[in-house]
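J.: The structure follows.
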Amino acid sequence: MNTSTMAAEVVRVDLGPRSYDIVIGDGELAHIAKHLGPHLARPRVALISDETVAGLYLDRVGQALDAAGISRADFIVPPGEASKSFPELERLVDGLLAAGIERDDTIIALGGGVIGDLAGFAASILRRGARFIQLPTTLLAQVDSAVGGKTGINSRHGKNLIGSFHQPRLVLIDTSTLETLDRRQLRAGYAEIVKYAAMTDAAFFAWLEAHGAALLAGDAPARRHAIARCCRIKADIVARDEREAGERALLNLGHTFAHAIEAAAAKGGDVIHGEAVAVGLRLAFALSARLGMCPDEDVRRVERHLAACGLPTRLADLAGDFAPATLIAAMEQDKKRQAGAPVFVLARGIGRAVLSRDVGLSDVAAVLTDGP
Ligand code: NAD
Ligand code: GLY
């Protein structure tokens with residue numbers, strides 16, 4: 001079936017008075033006014049985007065808002081991770097205040113995870129918390145960062161170290177925006193899809209093995225199925241553990257390694273988040289197998305599927321210097337953050353992730369040597 005003729009699909013994030021819908025459809029940006037209606041206290045929004053996304057989609061969104069009589073102020077930041085910074089946050093919040101944006105106005109993030117994280121954090125601190133809506137335009141943002149209310153910026157001490165929980169009132173996913181996303185970014189978002197399956201849903205993993213290539217090639221129903229499945233998995237986890245007291249940490253499968261890889265890459269490499277996650281997933285499964293928890297065949301299956309989709313799986317596949325000692329030093333920053341005990345997400349097999357505070361750094365070092 002042509003997805004543009006299909007009704008939008010709705011996934012509910014059940015958080016009591018802060019519950020909201022994730023609406024997933026093809027071409028939904030053109031109907032944004034209809035979706036926003038129930039969430040606006042008055043017909044006025046601040047729209048935050050980056051230069052690339054604004055060039056592609058601001059007219060479409062702007063025309064739909066104009067037609068509905070919704071006034072707006074636009075704030076456009078440079079594309080890229082560097083915009084998740086104190087200087088950019090300060091410029092943005094100052095601009096919002098100068099434009100007279102009030103708590104009852106609505107701040108809208110139009111873009112990938114960088115824009116969602118920056119705009120969400122600005123919304124959470126503006127006049128002690130303004131209304132916020134996410135319009136994610138990357139695969140990564142559609143399956144992960146736009147959902148769940150984590151917002152923030154980076155510090156010179158590491159990624160995402162300054163932030164807040166601030167739930168959006170709506171996440172509106174227009175899957176047609178993926179048509180303009182470049183292949184590298186699309187594959188990076190796909191790594192997060194593999195993460196969900198490897199974490200909690202073996203049947204979904206098998207589905208990805210059968211349909212992942214088609215999804216990446218542009219098969220719209222496959223994309224929509226996978227996006228909805230990931231949003232459902234995340235919505236259920238966030239509903240049970242909004243503030244990451246326990247279970248939500250499973251969503252970090254592969255990320256202890258990935259964050260260390262990104263920290264090392266920031267000093268002279270070229271790695272985007274999803275690529276680091278892909279390598280981190282293989283390392284998390286390899287570590288689990290080394291600890292006798294996970295069958296070797298599942299490590300090979302995870303690696304085979306990521307590689308078949310064009311994702312890196314080994315440190316040697318990445319551009320940068322990823323010496324084990326450098327990566328372990330970066331993980332120590334994670335350790336400090338988590339009450340003195342390094343927390344790893346391990347797996348008893350595909351779809352069976354578990355948290356562990358009992359991993360020796362010698363075992364971590366051994367898998368970082370990139371053995372079989
Ligand atoms: P991004 O926002 O930098 O977007 C990647 C690139 O794609 C940018 O250059 C952007 O301009 C461009 N782009 C975006 N949409 C496009 C489209 N439809 N067509 C063409 N180009 C487009 O990166 P990302 O991968 O979306 O997000 C990564 C960020 O998300 C990281 O900062 C990461 O820490 C964060 N993140 C947050 C959470 C969370 O829960 N808050 C979860 C995962 C990741
Ligand atoms: N991306 C991990 C989380 O939202 O908890």
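The values are calculated or read from the model by the stated rules, or taken from the named source; none is laboratory data. From a predicted model like this one, the values you see are computed outputs, not experimental measurements. Cβ atoms come from the backbone with ideal geometry, glycine included; neighbour counts cover every protein chain shown. What goes into the accessible areas is simple: the full protein's heavy atoms, side chains included, and nothing from ligands, DNA or RNA. Shrake-Rupley method; radii C 1.70, N 1.55, O 1.52, S 1.80 Å.
J.: Only residues that are within 16 Å of ligand 2 (Cβ to nearest atom) and open to solvent by 10 Å² or more (accessible area, probe 1.4 Å): list them for the range 135-155, please. Lay out the reasoning, then the answer.
T.: Quick first cut of the range 135-155, residues within 16 Å of ligand 2 (Cβ to nearest atom) only: 136, 138-154.
Selection gives THR138, LEU140, ASP144, SER145, LYS150, THR151, ASN154.
J.: Taking the condition open to solvent by 70 Å² or more (accessible area, probe 1.4 Å) and touching a strand residue (DSSP E or B) at 6+ places or on another chain (Cβ under 8 Å), does ILE76 pass?
T.: Working: open to solvent by 70 Å² or more (accessible area, probe 1.4 Å): yes; touching a strand residue (DSSP E or B) at 6+ places or on another chain (Cβ under 8 Å): yes.
Criteria met by ILE76.
J.: Which pairs do you get when a residue that is of a type in the set (Phe, Trp, Tyr), found in the range 341-364, comes within reach of a residue that is part of a loop (DSSP other than H, G, I, E, B) and open to solvent by less than 30 Å² (accessible area, probe 1.4 Å), reach meaning Cβ atoms under 7 angstrom, with the pair 6+ apart or on two chains?
T.: PHE344/VAL359
The rows are residues; the columns are (1) modelled with pLDDT of 95 or more; (2) aliphatic (A, V, I, L, M); (3) more than 16 Å from ligand 2 (Cβ to nearest atom); (4) open to solvent by less than 20 Å² (accessible area, probe 1.4 Å).
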site	(1), (2), (3), (4)
LEU250	yes, yes, no, no
LEU283	yes, yes, yes, yes
GLU303	yes, no, yes, no
CYS309	yes, no, yes, yes
ASP321	no, no, yes, no
ALA325	no, yes, yes, no
ILE328	no, yes, yes, no
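J.: Continuing with the same structure: Quick test of your reading of the structure: GLU81 fulfils all but one of (1) modelled with pLDDT of 95 or more; (2) open to solvent by 50 Å² or more (accessible area, probe 1.4 Å); (3) in contact with a helix residue (DSSP H, G or I) (Cβ under 8 Å, 6 or more places away or on another chain); (4) under 26 Å from ILE272 (Cα atoms). Name the failing condition by number.
T.: (1)
J.: Given (1) open to solvent by less than 20 Å² (accessible area, probe 1.4 Å); (2) within 16 Å of ligand 2 (Cβ to nearest atom), where does ILE24 come up short, assuming only one miss?
T.: Condition not satisfied by ILE24: (2).
J.: Next question. For the range 112-161, which residues satisfy the criterion of being more than 12 Å from the chain's Cα centre (by Cα) and of a type in the set (D, E, K, R)?
T.: Within the range 112-161, ARG127, ARG128, ARG131, ARG156, LYS159 qualify.
J.: Does ILE227 fit the bill of being closer than 30 Å to VAL23 by Cβ, of a type in the set (Val, Ile, Thr), within 14 Å of ligand 1 (Cβ to nearest atom) and open to solvent by 30 Å² or more (accessible area, probe 1.4 Å)?
T.: For ILE227, the condition - closer than 30 Å to VAL23 by Cβ, of a type in the set (Val, Ile, Thr), within 14 Å of ligand 1 (Cβ to nearest atom) and open to solvent by 30 Å² or more (accessible area, probe 1.4 Å) - is not met.
J.: May I ask you to verify whether ILE125 is in contact (Cβ under 8 Å) with a residue 12 or more places away in the chain and part of a strand (DSSP E or B)?
T.: Judged against the criteria, ILE125 is not a match.
J.: What number of residues within the range 85-106 satisfy the criterion of being without any contact (Cβ under 8 Å) to a residue 24 or more places away in the chain and part of a helix (DSSP H, G or I)? So that I can check it myself, show each step before the final result.
T.: Our first condition is that a residue be without any contact (Cβ under 8 Å) to a residue 24 or more places away in the chain; within the range 85-106, this holds for 87, 90-91, 94-95, 98, 100.
Within this subset, residues satisfying the condition of being part of a helix (DSSP H, G or I) are 87, 90-91, 94-95, 98.
Result for the range 85-106: 6.
J.: Could we say that THR200 is open to solvent by 20 Å² or more (accessible area, probe 1.4 Å), β-branched (Val, Ile, Thr) and touching a helix residue (DSSP H, G or I) at 6+ places or on another chain (Cβ under 8 Å) here? Break it down stepwise before answering.
T.: On the way: open to solvent by 20 Å² or more (accessible area, probe 1.4 Å): yes; β-branched (Val, Ile, Thr): yes; touching a helix residue (DSSP H, G or I) at 6+ places or on another chain (Cβ under 8 Å): yes.
Answer is yes for this residue.
J.: Which of the numbered conditions does GLY148 fail, given that it passes all the others? Conditions: (1) within 7 Å of ligand 1 (Cβ to nearest atom); (2) in a helix (DSSP H, G or I); (3) at positive phi.
T.: With (1) within 7 Å of ligand 1 (Cβ to nearest atom); (2) in a helix (DSSP H, G or I); (3) at positive phi applied to GLY148, the lone miss is (2).
Residue-wise test of (1) touching a residue at least 60 places away in the same chain (Cβ under 8 Å); (2) open to solvent by 10 Å² or more (accessible area, probe 1.4 Å).
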{"residue": "ILE108", "(1), (2)": "yes, no"}
{"residue": "VAL114", "(1), (2)": "yes, yes"}
{"residue": "GLY120", "(1), (2)": "no, no"}
{"residue": "HIS157", "(1), (2)": "yes, yes"}
{"residue": "LEU170", "(1), (2)": "yes, no"}
{"residue": "LEU178", "(1), (2)": "no, no"}
{"residue": "ALA210", "(1), (2)": "no, yes"}
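J.: What number of residues within the range 90-106 are open to solvent by less than 10 Å² (accessible area, probe 1.4 Å) and not hydroxyl-bearing (Ser, Thr, Tyr)?
T.: Step one: of the range 90-106, the residues open to solvent by less than 10 Å² (accessible area, probe 1.4 Å) are 92, 96, 101, 105-106.
Now narrow it down to the ones that are not hydroxyl-bearing (Ser, Thr, Tyr): 92, 96, 101, 105.
Counting residues in the range 90-106 that are open to solvent by less than 10 Å² (accessible area, probe 1.4 Å) and not hydroxyl-bearing (Ser, Thr, Tyr) gives 4.
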